[in-house]
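Contents: one structure, followed by commentary.
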């Protein structure tokens with residue numbers, strides 16, 4: 001294949017530099033570009049993997065859409081409403097819940113909790129896969145494994161649940177204390193559920209709160225939870241008297257923080273590519289200074305300034321291309337090692353996950369490569385322009 005003479009000369013300058021493959025500055029540039037590219041690809045893959053894993057964890061316990069009474073408070077259970085919701089296209093299931101707060105007390109510990117009354121269908125579809133021991137029973141609770149450990153309890157133990165304003169008296173509302181058996185233990189991997197929530201039968205929660213046929217919310221599972229925002233807007237038009245929110249809106253702060261983290265990490269690691277581009281620029285400047293006589297001869301033979309410029313731009317892009325290819329290979333090797341051995345561990349009980357997941361995509365690799373090429377191209381402009389500006393007569397006479 002016949003390459004343009006600019007590319008041929010650039011390749012010759014790159015490979016025939018005084019018997020060496022490339023100059024020291026070119027080697028440093030290649031190393032810098034490869035480190036920058038691999039770091040940026042891995043960082044992007046880690047943030048993508050972490051984001052996907054967190055979303056998967058959240059969807060493992062939360063439903064895509066939640067419907068509550070507009071203005072807050074409890075709403076009356078309505079079979080017609082439930083049937084109407086289930087008839088909406090895209091709805092997989094709907095669950096009624098009754099939620100309130102209380103104080104959980106054991107002989108050694110006490111603390112605030114959120115108790116949620118649910119039906120068996122909710123447990124089977126949302127909690128069963130997270131169950132470690134026990135089962136869902138009447139007048140009993142399911143408790144998170146960290147909460148169980150904190151209170152030094154076991155399955156079958158009796159705990160007290162104190163409702164601050166649970167019963168009426170001549171002196172007003174007084175705290176209400178209920179004894180409940182621990183029938184099961186779950187662990188979702190989500191801190192707020194494992195450390196704060198306890199689950200019980202809906203009928204038990206209604207008896208504790210002294211209400212009948214009431215509920216706090218209707219949790220709706222849909223076929224495509226990642227389109228929950230659009231689904232919630234469409235559902236709001238069908239039920240204008242209800243307050244409807246998606247799981248994406250409920251966790252908006254978390255998702256925004258993760259998105260911002262990805263942007264900041266990408267910007268910081270892009271600085272490695274920027275520093276490496278200075279090595280490319282310095283290498284080309286030294287080469288231009290050394291090849292002044294060659295440039296003059298090429299100009300005298302009819303080479304245009306644009307062609308002289310193209311020679312050194314081509315050489316800079318060759319250096320960056322080698323660095324990009326090496327960086328991609330390094331990132332793939334590191335991705336394999338991290339996925340196979342999982343040698344980066346996260347503290348249990350603090351993060352959503354125990355290990356850092358990794359998810360590489362062709363689009364991210366393409367974007368990182370394009371950024372590296374753009375930075376490298378920019379770094380060649382000054383040396384290439386300097387080469388094109390050299391005169392002919394003075395250099396030939398020398």
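The values are calculated or read from the model by the stated rules, or taken from the named source; none is laboratory data. Computed from a predicted structure; not experimentally measured. Note: ideal-geometry Cβ built from the backbone for every residue, glycine included; neighbour counts use all protein chains shown.
Structure notes:
- Count - residues of the range 325-362 that are at pLDDT 90 or above and either loosely packed, with under 12 Cβ neighbours inside 10 Å or at positive phi (or both): 2
- Yes/no for residue 296 being over 24 Å from residue 29 (Cβ atoms), crowded, with 16+ Cβ neighbours inside 10 Å and in the same structural domain as residue 359 (by TED's automatic domain parsing): yes
- Scoring residue 205 on the criteria (1) buried (at least 20 other Cβ atoms within 10 Å of the Cβ); (2) in a loop (DSSP other than H, G, I, E, B); (3) more than 24 Å from the chain's Cα centre (by Cα) leaves a single failure, condition (2).
- Unique residue being at pLDDT 90 or above, surrounded by fewer than 17 Cβ atoms within 10 Å (Cβ to Cβ) and not assigned by TED's automatic domain parsing to the domain that holds residue 373 when the list is 85, 103: 103
- Some residue of the range 172-179 being surrounded by 15 or more Cβ atoms within 10 Å (Cβ to Cβ), touching a helix residue (DSSP H, G or I) at 6+ places or on another chain (Cβ under 6 Å) and at positive phi: no
- Any hit, the range 50-71, residues being touching a residue at least 60 places away in the same chain (Cβ under 8 Å), assigned to a loop (DSSP other than H, G, I, E, B) and closer than 20 Å to residue 324 by Cα: no
- Matching residues in the range 216-240 - criterion: being assigned to a strand (DSSP E or B) and either within 14 Å of residue 84 (Cα to Cα) or in contact with a helix residue (DSSP H, G or I) (Cβ under 8 Å, 6 or more places away or on another chain) (or both): 218, 219, 220, 221, 222
- Flag for residue 29 being under 30 Å from residue 260 (Cβ atoms) and in contact with a helix residue (DSSP H, G or I) (Cβ under 6 Å, 6 or more places away or on another chain): no
- Any hit, the range 121-130, residues being in contact (Cβ under 8 Å) with a residue 12 or more places away in the chain, in the same structural domain as residue 187 (by TED's automatic domain parsing) and part of a strand (DSSP E or B): no
- Verdict on residue 64 being more than 17 Å from the chain's Cα centre (by Cα), within 22 Å of residue 246 (Cα to Cα) and surrounded by fewer than 22 Cβ atoms within 10 Å (Cβ to Cβ): no
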